[in-house]
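J.: Starting off with a structure, shown below.
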Amino acid sequence: MGLGPSLVVVKRSSQGIEVAPRSTKGRRKQISLTDPKARRLLLQPPRPVSALPNINPRDADEDGEGFLRLSGKPSQSNARRRDMAQQRTVTTTIHPTVDSEDRDGFTSESDESSEAAEEESEGVALILTSRQMAIKKLEEKLREDPTSVQSWLGLLSHSISSVALDTKNSAKVRAEIAESILSRAVSAHPSNKASITLRLKHLRAGGEVWDERRLHREWDDALALRSVDVWMAWLDWKLSRSRDGMEGMMEDVVYALEHLRHTEIGGLRVQWRAAVILQQAGFIERATALFQSQAELAFHVPQSLVGQPTEVLLDSLEEFWESEHPRFGECEAKGWADWVSSGNPEYVVAPLPSSSLIPSLTVSEPFQRWATEESDCDLRFTVPTRSTDETDDPYSTVLFSDIRRLLVPLRTVEAKRIFRLIWLSFLGLHIPGFSKTLSDLSGENWDDRWTYTILTRPAYLRTLFPKDVMTARQLSDAQCGAIVGGERTFSRGVLPIKNWGHGTVDAYDGLVEAGWAKRDVEHVEEGFVRRIFQQCRVEGDDREWDSLAIAFENVVNNKSALKTSQSFLSSDERSLERWRIHAALERSRGKLDNARKVYNTVLISQGSQVGNLDAGDLWWTWAEMEWLAGQHEASQEVILKSVGVEGSLGVAVLRAKRQLEDNIQRSTANPISGKNGLDAWEPVRNRMAWTKSRALLELLTSSLPAALVILDNHMDRVDLSSATGTRELESLVMVSLALIYHYGVTLRNPCPPEMLRKRAEKALLLYPSNSFVLAMFLEGERGQGVWGKVREQLGDVMVDGEVRDKDLMRRMVDLWIESGWEHGRWQLEKERARSGLNSAVKHERTKGSPILWRFLIELEVIDGNLTQAKSLFFLAIKECPLVKELYLLAFGPLRSVFESRELTKVAEGMIERGLRLRKDLELEPAETDASGLRGRGDDYGEEDVEYNAEELRRLRPY
């Protein structure tokens with residue numbers, strides 16, 4: 001053809017040929033994944049596919065041989081298709097729906113719907129995508145019933161799922177879509193305006209698109225509903241703005257408390273929020289003083305003041321507080337009531353030497369030393385000092401006037417019990433699922449974004465970012481010329497972050513490790529917590545609180561826990577619950593013989609508990625202990641004795657099974673209406689104990705699948721209309737998974753891995769944030785060559801075609817899976833972890849959480865991307881302006897990328913926003929950062945050093 005050696009024909013057509021340089025090896029350039037066109041195609045959702053038009057059979061077989069005739073002239077259908085394409089182009093050009101900048105990130109619903117309408121008008125059948133079909137069905141449901149909140153939420157979820165969080169302007173676009181749909185929802189029916197769920201989502205979406213005037217008007221209208229959840233969301237909104245610093249934020253908290261006097265639990269939620277705000281801003285002594293004074297008001301009211309107005313009580317409590325007598329949780333504390341009954345005596349406080357308030361540090365760099373001292377003091381010194389103590393920090397001493405308006409009068413026993421658990425959670429003793437019980441709308445309770453401050457403590461940082469596990473490993477090796485893959489090592493057991501429904505399992509459950517761990521009490525003052533357990537008891541039966549006290553002692557010192565348990569038994573020997581706890585303590589020490597003595601003495605020697613319906617839990621724990629110890633015959637014997645059956649032959653086993661079924665039916669028939677709390681849960685727990693004994697007996701005499709059928713049948717009969725029924729179902733789901741795990745892993749019996757894997761996958765659909773279910777799911781995926789199912793859980797979780805939001809605990813579990821589940825895989829999974837955390841801080845569900853921002857910055861620091869971490873630092877303090885530990889990151893791990901002047905401005909911002917600085921940030925000229933002087937030439941001299949020193953002295957907070 002006359003082409004030179006450097007050219008080659010790459011394409012032939014009716015219009016000619018196409019040539020290209022031979023360097024392309026005779027092929028056209030293929031589109032790569034990094035090309036802009038490829039990125040746009042990947043981000044676009046699936047397009048509707050047109051079905052083939054109907055063809056006349058006579059035209060299809062015109063030549064008589066079964067072939068379609070191909071005509072050189074354009075057919076009518078081709079012309080029509082070309083006209084449709086031109087019309088679609090004109091419509092898109094004249095009526096653009098989004099900006100060109102945003103079109104790279106997503107394809108709008110209006111484009112898809114307009115194209116679908118055009119094709120339908122031309123008589124062409126459409127094949128809709130699953131998302132479009134779901135939206136169409138939801139629209140039909142809403143036309144029939146516009147009051148269906150779940151349908152509106154489903155429509156919202158499907159609509160915003162088309163916009164990925166990692167695209168440009170995704171937050172604004174998602175907010176605009178959500179605001180449009182929720183505006184329709186609120187105005188569709190008058191009853192929808194009273195829906196707290198719809199109103200909260202509408203307010204959060206409108207916060208991104210409304211102007212200031214409308215935003216304030218909408219919040220005022222929502223607050224008129226007098227809902228605690230709306231007030232909590234309002235406080236979060238005010239905190240994200242915080243234009244008046246800490247002082248203005250405390251005024252907002254007081255304003256909320258004044259409007260929630262009608263609900264004790266609502267007031268406690270707001271008070272907990274205020275304590276966390278004070279703690280995060282550095283005023284930890286004031287937060288502790290708030291809980292101390294609230295405990296005095298709840299548990300130590302003088303008898304002469306019972307029934308008096310709240311102001312009278314607060315005046316008397318102020319006198320006690322200013323007398324500086326030992327307060328709640330402190331040594332020698334006797335309480336407000338004892339002080340009043342003793343005639344208001346004076347108390348001489350021994351001054352605390354100032355040298356004990358200053359920790360010894362060896363950090364040489366001045367900024368880093370200051371930040372380390374601040375962080376260390378915030379962890380160590382939590383109890384307020386007295387006026388006689390030698391300290392230069394005025395904020396360490398708390399006046400009663402600082403906390404008076406934050407106190408809530410508590411009169412019911414339920415409110416006092418809730419307050420105790422709130423205090424334990426604040427101190428760092430995490431109680432799984434507790435915060436969700438404080439709201440009637442569990443789906444809209446987003447308190448987990450700030451209640452789990454324990455996750456940012458050093459012990460949990462080491463757990464979520466384990467250095468020994470994150471170290472890169474050799475993936476393969478060569479032996480005699482053959483490539484051999486390296487051994488894969490996984491972490492096994494319960495996840496480091498425990499999360500499930502409140503009360504589903506207790507700390508003494510043998511199948512699930514549900515108690516506190518050493519890392520939970522690493523930064524907790526043991527004596528202070530012990531005195532809280534002693535002084536916060538309520539009158540009457542308080543076994544639930546005593547069990548928590550023993551669980552705490554068991555973590556600190558097992559022998560001390562046994563002594564505490566014995567002291568409780570000495571005053572209540574007939575309590576089967578206390579004997580169960582005492583036997584569990586012996587089991588935790590490995591003293592199984594001592595535990596058997598306890599069980600045998602209480603259940604058999606006395607002879608009064610054989611066949612006792614209320615003793616089912618104690619019989620079950622004994623049988624469970626023997627089974628986990630490998631004593632299968634002893635376990636079966638215990639179950640038979642529990643129903644009064646002697647022997648081990650087939651007839652005896654059948655009689656025992658029938659009697660166990662009868663006990664289950666009798667437990668179900670016991671009425672629990674009118675009961676609440678522990679009283680309502682005890683009959684349910686006994687019924688579950690008999691059910692578990694029945695399943696274990698089936699396992700010992702038949703097979704594991706037969707035992708699971710017993711549990712499944714009972715789960716099908718659970719009444720989910722009550723809170724106890726919901727808790728019972730989750731507990732039984734966990735028991736079924738634990739039964740499979742211990743049967744196959746702990747006891748090493750032959751068990752197909754598919755059995756645990758399939759059941760864990762189903763359970764994960766019901767409880768996606770349950771840490772035990774997630775642990776069992778990961779156990780089922782061990783040894784699988786592909787991470788497919790695990791990666792599906794790390795991304796967006798789809799349930800019935802709808803994206804399910806992830807709470808904070810689920811985000812933390814995802815992070816641990818990527819960093820600590822498979823040893824040595826961090827280098828391969830860190831991008832996935834980074835992407836997940838970036839999505840979490842932008843998502844509506846977890847946006848504004850300082851915990852997530854802290855972990856995102858820590859990830860970049862560990863990976864060595866300090867410049868990126870610096871950029872994230874400024875975004876973090878913008879989202880969370882009153883969190884001191886985020887500011888201290890600039891002075892600590894990010895010190896090398898910050899100049900001295902930048903750090904000075906950061907310190908100025910902390911002071912302007914009212915954050916607490918324990919020590920002055922004052923540097924001597926000789927200590928000025930050398931890196932800041934480097935590269936500035938002769939222009940940076942003594943005058944600049946003196947100017948910086950004067951500015952630092954001028955900006956002292958005191």
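J.: If the chain between residue 950 and residue 758 were fully stretched, how many nm would it gain, using 0.36 nm times the residue separation less the Cα-Cα distance?
T.: Result for the pair: 62.3 nm of gain on full extension.
J.: Mind jotting down the distance between the C-alpha centroids of segment 275-290 and segment 408-457, whole Å?
T.: Segment 408-457 and segment 275-290 have Cα centres separated by 16 Å.
J.: Let's see if you can work this out: charge +1 on each Lys and Arg Cβ, -1 on each Asp and Glu Cβ, no other charges. What is the dipole magnitude of segment 132-223 about its Cα centre, in debye to the nearest 20? Could the numbers behind the result be given before it?
T.: Details: 15 positive and 13 negative charges, 24 e Å.
That gives a dipole near 120 debye.
J.: Please list, or write none, the lysines whose alpha carbon is within less than 27 Å of the alpha carbon of residue 436, excluding same-chain residues fewer than 8 places away.
T.: 193, 201, 238, 416, 498, 518, 675, 762, 806, 842, 847, 884
J.: Looking at 550, 529, 584, which one has the Cα that reaches farthest to the positive end of the dipole of segment 521-584 (charges on Cβ: Lys, Arg +1; Asp, Glu -1)?
T.: Of the options given, the answer is 584.
J.: Also, I was wondering about something else. Can you find, among 163, 194, 181, the residue sitting farthest towards the positive end of the charge dipole of segment 132-223, where Lys and Arg contribute +1 and Asp and Glu -1 at Cβ?
T.: 163
J.: For the residues 141, 201, 657, 467, what sequence is obtained by ranking on other C-beta atoms within 10 Å, fewest first?
T.: Numbers: 141 16, 201 23, 657 19, 467 9.
Sorted ascending by nearby Cβ count, the order is 467, 141, 657, 201.
J.: May I pose another question? Determine the gain in length on full extension of the stretch residue 136-residue 566; use 0.36 nm per residue of separation and subtract their C-alpha separation, reporting nm with one decimal. All intermediate terms of the calculation are to be shown ahead of the outcome.
T.: Numbers: separation 430, 0.36 × 430 = 154.80 nm, distance 6.46 nm.
Additional length available on full extension: 148.3 nm.
J.: Could you calculate the contour length gain from residue 559 to residue 838, that is, 0.36 nm times the residue separation minus the distance between their Cα atoms, to one decimal place in nm? Write down the numbers at each step before the final one.
T.: On the way: separation 279, 0.36 × 279 = 100.44 nm, distance 4.57 nm.
Extra length available between residue 559 and residue 838 comes to 95.9 nm.
J.: So for 487, 218, fewest C-beta neighbours within 10 Å to most, what's the order? It would help to have the intermediate numbers written out before the result.
T.: Working: 487 7, 218 17.
Lowest to highest Cβ neighbour count: 487, 218.
J.: Write down, largest first, the equivalent ellipsoid semi-axes of segment 132-223 in whole Å, where each equals the square root of 5 times an eigenvalue of the alpha-carbon gyration tensor. Don't jump to the answer; show the numbers that get you there.
T.: Values: eigenvalues 90, 78, 13 Å².
In descending order, the three semi-axes are 21, 20, 8 Å.
J.: Could you give the nm distance between label points at residue 143 and residue 668, where each point is 7 Å from its Cα heading toward the beta carbon?
T.: Here the answer is 4.4 nm between the modelled labels.
J.: Among 874, 528, 419, rank each residue by its count of other Cβ atoms within 10 Å, from fewest to most, as a rough exposure measure.
T.: Details: 874 11, 528 16, 419 25.
Going from sparsest to densest Cβ surroundings: 874, 528, 419.
J.: May I pose another question? In whole angstrom, note down how far apart the Cα centers of segment 589-605 and segment 686-732 are.
T.: Distance between centres, Cα-based: 26 Å.
The numbers here are math on the coordinates, done by the rules we state, and not lab data. In this text, all values refer to a predicted model and were calculated from it rather than measured experimentally. So basically every Cβ, Gly included, is an ideal-geometry build from the backbone, and we count neighbours across all protein chains shown.
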